[in-house]
1. Tell me, what does the Kirkwood hydrodynamic radius of the chain come to in angstroms if you use every pair of distinct C-alpha atoms?
2. Among 72-80, 51-59, how do they line up by average Cβ neighbours within 10 Å per residue, starting with the highest?
3. Mind ordering 60-71, 19-30, 36-47 by average Cβ neighbours within 10 Å, highest first?
4. Could you give me the ³J(HN,Hα) list for region 44-60, computed from phi with Karplus coefficients 6.51, -1.76, 1.60 and θ = phi - 60°, whole Hz, x at Gly and Pro?
Amino acid sequence: MRQQATTTITPLPDERYRVHTPHGVATFATLDEAGQWGETEAARLAGERAAAAGGVEVEVSLERHDTVGHTDDGHALFFEATVTATARGRPAVQESGAGD
């Protein structure tokens, strides 16, 4: 079985960063802080979804895609990052009772 969760990181005009999740937003002073929290939150959400779906032995992988442009003088310009966590596991097997 497989479950996914995605968070998106966007810049704010005042040089802070916002992480958008399915449950709301959080704001951070640096891109590193926003990225770490966005990855942790995406992994947590995917893991919770997998457990709720009956998954066991769940492993979570992360993918992050940054959209970056460059100014005329060569400086990087961050536009957005998308973090996708994929939780994979096997379905729980229910054993039947002896009297079934």
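Since every read-out is calculated from the coordinates, none of them should be taken as a lab result. The structure displayed is predicted, hence computed values, not measured ones. Note that each Cβ is placed from the backbone with ideal geometry, even for glycine, and that neighbours are counted across all protein chains shown.
1. Over the chain, the inverse of the mean reciprocal pair distance is 15.1 Å.
2. Descending packing order for the listed peptides: 51-59, 72-80.
3. Sorting 60-71, 19-30, 36-47 by mean packing, highest first, produces 36-47, 19-30, 60-71.
4. 4, 5, 5, x, 5, 5, 5, 5, 5, 7, x, x, 10, 6, 7, 10, 10
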